[in-house]
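This is the structure I have questions about; it appears just below.
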Amino acid sequence: MGILEGKRILVTGVLTDASIAFSVAKLAQEEGATVVLTGFGRLSLVERIAKRLPQTPPVLELDVADTDQLDTLAARVGEHVDGLDGVVHSIGFAPQSALGGNFLNTPWEDVATALQISTYSFKSLAVACLPLMKEGGAVVGLDFDASRAWPVYDWMGVAKAGLESCSRYLARDLGKHNIRVNLVSAGPLRTMAAKSIPGFKEFEESWPERSPLGWDLTDTVPAAKACVALMSDWFPATTGEIVHVDGGAHAIGG
Ligand SMILES: NC(=O)c1ccc[n+]([C@@H]2O[C@H](COP(=O)([O-])OP(=O)(O)OC[C@H]3O[C@@H](n4cnc5c(N)ncnc54)[C@H](O)[C@@H]3O)[C@@H](O)[C@H]2O)c1
């Protein structure tokens, strides 16, 4: 029996088969879950990628900046499953001016977009799914270590610092619904989101060297395993936590 046997899981953020969310959806199915996906923008692409999963899941449209789509999400998900036990937020976006070393010149409108899509949406998604989580469950988001300033990551780093805080406040307010809220802080992975960061190579070169366990920039499975574990019954008393899945790099100075 898998660790998600009988659980109903909503996974956002599948774009390609290199997406962290793709690995989460695949592992969740392999561990016994029923999975529903949401996709943003290029839905036909997401539907094509979804066919590569062990079972083809339904794909619903969700732009986290679209209030109507958020307001109707529970009803639309409810057409496929009778509730949710887990929700995965694997969403991030920042305009080009907010990345790549332009920190001092990024206009507020672009910072606002980065924060709305990458930070505030964690709350929006959790609240949109709340009507389906009557028996409690788990919400998991994808983080990149925001405890320090990195080269080129710029306002996305600020957005991730906000995500870490948002996760703790969500944990505070959703605990009474028996909902756990946690983040997986992953090391750098070569996904579409990462490729859109000018200068991402700087992470690629140093991370495997800094990590006591080494780090494979193309392997999304370790981060996905942590997401699946956090949605299982094996973390029943953990909430407001950040689990680092980064080869151990966060623990090492220099
Ligand atoms: N790749 C890395 O190095 C890395 C490391 C740590 C954390 N993360 C985080 O993992 C998460 C997933 O990113 P990924 O690396 O798998 O890249 P990805 O490009 O595969 O996924 C990003 C997803 O965000 C979605 N998205 C963007 N704007 C959206 C919107 N308005 N509404 C709904 N969805 C929207 C995209 O459609 C895409 O599916 C992000 O939060 C990212 O910051 C990535």
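The values are calculated or read from the model by the stated rules, or taken from the named source; none is laboratory data. Keep in mind that this is a model prediction, so the values were computed, not measured. A quick note on method: Cβ atoms are made from the backbone with ideal geometry, for glycine too, and the neighbour counts reach across all protein chains shown. Note: areas computed on protein heavy atoms with side chains; ligands, DNA, RNA excluded. Shrake-Rupley method; radii C 1.70, N 1.55, O 1.52, S 1.80 Å.
Quick one: in region 104-117, of everything that is in a helix (DSSP H, G or I) and among the β-branched types (Val, Ile, Thr), which residue is farthest from the ligand (Cβ to nearest atom)?
Checking each candidate, the answer is Val111.
Under 6 Å between Cβ atoms, at least 6 apart or on separate chains: pull out the pairs that start in region 173-191 with a residue that is on the phi < 0 side of the Ramachandran plot and end on any residue that is in a loop (DSSP other than H, G, I, E, B) and away from the ligand (no atom under 16 Å from the Cβ).
Matching pairs, first to second residue: Ile179/Met133; Ile179/Gly136; Arg180/Thr239; Val181/Thr239.
If you don't mind, there's one more thing I want to ask. Return a yes/no flag: does region 231-248 have any residue that is open to solvent by 20 Å² or more (accessible area, probe 1.4 Å) and part of a helix (DSSP H, G or I).
no
Do you know which of the residues in region 152-197 that are of a type in the set (S, T, N, Q) and more than 13 Å from the chain's Cα centre (by Cα) is modelled with the lowest pLDDT? Working first, answer last.
First, pick out the residues of region 152-197 that are of a type in the set (S, T, N, Q): 165, 167, 178, 182, 185, 191, 196.
Pick out the ones that are also more than 13 Å from the chain's Cα centre (by Cα) and you get 165, 178, 196.
Values: Ser165: 98, Asn178: 98, Ser196: 89.
Of everything passing the filter in region 152-197, Ser196 is modelled with the lowest pLDDT.
Follow-up question, since we're still on this one. Restrict the check to region 151-165 and report whether at least one residue is in contact (Cβ under 8 Å) with a residue 40 or more places away in the chain, open to solvent by 20 Å² or more (accessible area, probe 1.4 Å), under 26 Å from Ser97 (Cβ atoms) and among the small types (Gly, Ala, Ser).
yes
For region 27-103, give me every one of the strands (runs of 3 or more DSSP E) that falls completely inside it and has 1 or more residues that are at positive phi and not acidic (Asp, Glu).
Details: elements: 34-39, 59-61, 86-89.
Where strands (runs of 3 or more DSSP E) fall fully within region 27-103, none carries at least 1 residues being at positive phi and not acidic (Asp, Glu).
Quick check on my filter: what residues within region 12-26 are crowded, with 24+ Cβ neighbours inside 10 Å and more than 10 Å from the ligand (Cβ to nearest atom)?
Ala25, the sole residue that qualifies.
Scan region 137-150 for residues that are open to solvent by 30 Å² or more (accessible area, probe 1.4 Å) and among the aliphatic types (A, V, I, L, M) and report the count. Give the steps one after another, and end with the answer.
Within region 137-150, the first condition is being open to solvent by 30 Å² or more (accessible area, probe 1.4 Å), and the residues that meet it are 147-150.
Of the ones still in play, those that are also among the aliphatic types (A, V, I, L, M) are 149.
Counting residues in region 137-150 that are open to solvent by 30 Å² or more (accessible area, probe 1.4 Å) and among the aliphatic types (A, V, I, L, M) gives 1.
Here are Ala161, Ala193, Ala171: which of them is among the small types (Gly, Ala, Ser) and in contact with a Lys or Arg (Cβ under 8 Å, 6 or more places away or on another chain)?
On the way: Ala161 fails: in contact with a Lys or Arg (Cβ under 8 Å, 6 or more places away or on another chain); Ala193 fails: in contact with a Lys or Arg (Cβ under 8 Å, 6 or more places away or on another chain).
One residue alone meets the criteria, Ala171.
Additional query: Suppose the filter is out of contact with any Asp or Glu (no Cβ under 8 Å at 6 or more places or on another chain), within 12 Å of the ligand (Cβ to nearest atom) and under 30 Å from Gly6 (Cα atoms); does Phe200 pass it?
Values: out of contact with any Asp or Glu (no Cβ under 8 Å at 6 or more places or on another chain): yes; within 12 Å of the ligand (Cβ to nearest atom): yes; under 30 Å from Gly6 (Cα atoms): no.
The answer is no for Phe200.
Do you know which residues across region 62-84 are touching a residue at least 40 places away in the same chain (Cβ under 8 Å), of a type outside the set (Gly, Ala, Ser) and surrounded by fewer than 23 Cβ atoms within 10 Å (Cβ to Cβ)?
If the condition is that a residue be touching a residue at least 40 places away in the same chain (Cβ under 8 Å), of a type outside the set (Gly, Ala, Ser) and surrounded by fewer than 23 Cβ atoms within 10 Å (Cβ to Cβ), then Leu70, Asp71, His80, Val81, Asp82 are the ones that fit.
To continue, here is another question. What tally of residues in region 125-136 results from selecting those that are open to solvent by less than 10 Å² (accessible area, probe 1.4 Å) and either hydroxyl-bearing (Ser, Thr, Tyr) or more than 16 Å from the ligand (Cβ to nearest atom) (or both)?
First, pick out the residues of region 125-136 that are open to solvent by less than 10 Å² (accessible area, probe 1.4 Å): 125-126, 129, 133, 136.
Retained after the next criterion (residues that are either hydroxyl-bearing (Ser, Thr, Tyr) or more than 16 Å from the ligand (Cβ to nearest atom) (or both)): 133, 136.
Residues meeting the conditions: 2.
For region 45-61, indicate whether the set of residues that are over 19 Å from Val139 (Cβ atoms), loosely packed, with under 15 Cβ neighbours inside 10 Å and within 11 Å of the ligand (Cβ to nearest atom) is non-empty.
yes
Still on this structure: Checking Pro188 against (1) open to solvent by 10 Å² or more (accessible area, probe 1.4 Å); (2) part of a loop (DSSP other than H, G, I, E, B), only one condition comes out false. Which one?
The failed condition is (1).
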